[in-house]
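Shown next, in structure tokens, is the structure this report addresses.
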């Protein structure tokens, strides 16, 4: 976790505390919550999957993206 930027750490904690397994992920809503561009959310999530791959899972089900973090 030491390799994470402040933004990545905040994003990870937000994902971890949310229930994006049952509720579909929305990049637009995430960007609104973080007051940033959608591209920054995409880059942050992609970075998390590289830096802490064993702590985050992204999958597609029933037409929606779901994210789980622990």
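The values are calculated or read from the model by the stated rules, or taken from the named source; none is laboratory data. Fair warning: this is a prediction, and the values are worked out from it, not measured in the lab. No Cβ is skipped: glycine too gets one built from the backbone with ideal geometry, and neighbour counts run over all protein chains shown.
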Legend entry - Residue list for the range 29-44, filter: surrounded by 14 or more Cβ atoms within 10 Å (Cβ to Cβ) and either closer than 15 Å to residue 59 by Cα or in contact with a strand residue (DSSP E or B) (Cβ under 7 Å, 6 or more places away or on another chain) (or both): none
Inset, instruction - Answer yes or no as to whether residue 62 is in contact (Cβ under 8 Å) with a residue 24 or more places away in the chain, surrounded by fewer than 11 Cβ atoms within 10 Å (Cβ to Cβ) and more than 12 Å from the chain's Cα centre (by Cα). - result: no
Inset, instruction - Would you be able to tell me the number of residues in the range 6-17 that are farther than 13 Å from residue 46 by Cβ and either free of Cβ contacts under 8 Å to residues at least 24 places away in the same chain or touching a helix residue (DSSP H, G or I) at 6+ places or on another chain (Cβ under 6 Å) (or both)? - result: 5
Inset, instruction - For the range 32-45, enumerate the residues that are closer than 17 Å to residue 6 by Cβ and part of a helix (DSSP H, G or I). - result: 33, 34, 40, 41, 43, 44, 45
Legend entry - Within the range 14-28, considering residues that are loosely packed, with under 12 Cβ neighbours inside 10 Å and assigned to a helix (DSSP H, G or I), the one modelled with the lowest pLDDT: 17
